[in-house]
1. Of all residues being more than 16 Å from the ligand (Cβ to nearest atom) and not β-branched (Val, Ile, Thr) in the range 198-212, which is most open to solvent (accessible area, probe 1.4 Å)? Just the residue, please.
2. Those residues that are within 22 Å of Leu371 (Cα to Cα) and in contact with a Lys or Arg (Cβ under 9 Å, 6 or more places away or on another chain), I need them from the range 24-63; list them, please.
3. Looking only at the range 120-165, count how many residues are away from the ligand (no atom under 14 Å from the Cβ) and hydroxyl-bearing (Ser, Thr, Tyr).
4. Here's a check for you: in the range 322-346, which residue that is charged (D, E, K, R) and open to solvent by 10 Å² or more (accessible area, probe 1.4 Å) is farthest from the ligand (Cβ to nearest atom)?
5. Counting only residues that are more than 10 Å from Ile206 (Cα to Cα) and open to solvent by less than 40 Å² (accessible area, probe 1.4 Å), which one in the range 166-176 is farthest from the ligand (Cβ to nearest atom)?
6. Which of the residues that make up the range 299-317 are closer than 29 Å to Arg43 by Cα and open to solvent by 10 Å² or more (accessible area, probe 1.4 Å)?
7. Mind counting the residues in the range 230-259 that are among the charged types (D, E, K, R) and outside any loop (DSSP other than H, G, I, E, B)?
Amino acid sequence: MITCDSLVYQPFQPTGDVLACDGVSIQSIVEHAGTPTYIYSARAIRESYRAIDDAFASYPHAIHYALKANSTLAIVRLLRSLGSRVDANSGGEIRVAERASFAPQDIVFTGVGKTRDELEYAVAAGVGTINAESAGELDRIAAIARGQGRVARVAVRVNPDIDPKSHPHISTGLKTNKFGVPLQEARAIYRARRETNGLRFVGVHIHIGSQITTLEPLTHAAESLVSLALELRDDGFTLEHVDLGGGLGIAYEGRPTISPADYAGAVTPELRRAGIPVVLEPGRAVVGYSGALVARVVDTKCFPDGRKFAVLDAGMGELIRPALYGSFHRIVPVAVHAGAESAWDIVGPICESSDVFARDRMMPPLEVDDLVAILDVGAYGSVMGSNYNRHLLPAEVLVDEGTWTTIRRRQTLEDVLALET
Ligand code: LLP
């Protein structure tokens, strides 16, 4: 039994002697799909989405799934079928949302460094809210909207200088981070533009970081944002929502973490002070547990000091989180050989010493041609892939109701070279 947070559905479990995704044999999938391949469980996505939706059932809310976590079309469509809306972080993600048949008003457009082209596109499309990152951006949105004879629905993203107690690379709400406007300046920015033609202020926005596993920073952020919303109400603004962003962490290491219910329980009392609907932008908590990267062992070696390496056919080009953040992912063999466990370094084939998935990981015996599954990679896995060393982007497969389909074919060298002269 693979355990993690006991309340969370775990899609990758042994069936008989071999690992399966929702009961479908991984071996049988990769016989056809090859390796490396991302395999996702539709059931895990449904259950995670519903856990968040149910947690906020007692408060008016809208879930805008953060596309940046995983924007493969079939997954985005699955989320739409569950009633989700979306958070897009670029013009490309807005177009993906449109391709998946989201209505423009169901899209919030966030992101530092929106280009003029992206803003023109978003204003013309009539996206639900543009979360502006600076006073200058608000003014550019206003000018674009007036030029198009439209009124853009906007919110301002505030930077409250709160430490999310997460990895420094994914902390976004500290005053040393590039994101948002300082909380203490936000009220003046709204007030100075209350009568600006082309702008309609519909909300306030915050996102302090990702993979947050303690409640205190999330509650503190909600409290700061709600206090701002109340001040803006005093100033005569009629806001439609407060947007708390994403950030809810998952239990990569198998230790219990905060659940959606804990999160809702902590922030709902704050929200009730304002009494206006909340927008949530979860990414990782929706799709994180749903995916595994299945790879094949292509070499093993043992150095004189006893260090053992298993080299996979997937590396940092397929999954960069361990190399970039030193992040932990559970790794399990698809079929287990008998024998004692020992410490292995599980590494990729890329010419970089950081191309390592795990060091000194206790594993059963590993042999060339074995399959292993790297777990909890549904979020920020495939989307962060690259072609470094001319590796090709892997295939992606979705398992649903006992069957599987390829939702992205494996990239070919011709696909890559088609861009080049
Ligand atoms: N909203 C905004 C404005 C964001 O910037 C993000 C994530 C989210 C929502 C979704 O956050 P989540 O619920 O997934 O924590 N590549 C990193 C994570 C980067 C997160 C960026 N922003 C990783 O692999 O851990």
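The values are calculated or read from the model by the stated rules, or taken from the named source; none is laboratory data. These numbers were taken from a predicted model, which means no experiment stands behind them. All Cβ positions, even for glycine, are placed from backbone atoms using ideal geometry, and neighbour counts span all protein chains on display. Surface accessibility is based on the protein's heavy atoms, side chains included, excluding ligands, DNA and RNA. Shrake-Rupley method; radii C 1.70, N 1.55, O 1.52, S 1.80 Å.
1. Here is the first cut: in the range 198-212, the ones more than 16 Å from the ligand (Cβ to nearest atom) are 198-202.
Then drop every residue that is not not β-branched (Val, Ile, Thr), which leaves 198-201.
Values: Gly198: 9, Leu199: 17, Arg200: 115, Phe201: 15 Å².
The residue in question is Arg200.
2. Across the range 24-63, the qualifying residues are Val30, Ala33, Gly34, Thr35, Pro36, Thr37, Tyr38.
3. 2
4. Filtering first and then ranking leaves Glu341.
5. Looking at the filtered set, the residue picked out is Ser171.
6. Asp313, Met316, listed by residue number.
7. First, pick out the residues of the range 230-259 that are among the charged types (D, E, K, R): 231, 233-235, 240, 243, 253, 255.
Filter once more, keeping what is outside any loop (DSSP other than H, G, I, E, B): 231, 233-234, 243.
Residues meeting the conditions: 4.
The rows are residues; the columns are (1) within 21 Å of the chain's Cα centre (by Cα); (2) open to solvent by 10 Å² or more (accessible area, probe 1.4 Å).
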| residue | (1), (2) |
| --- | --- |
| Phe179 | yes, yes |
| Tyr190 | no, no |
| Thr196 | no, yes |
| Thr219 | yes, yes |
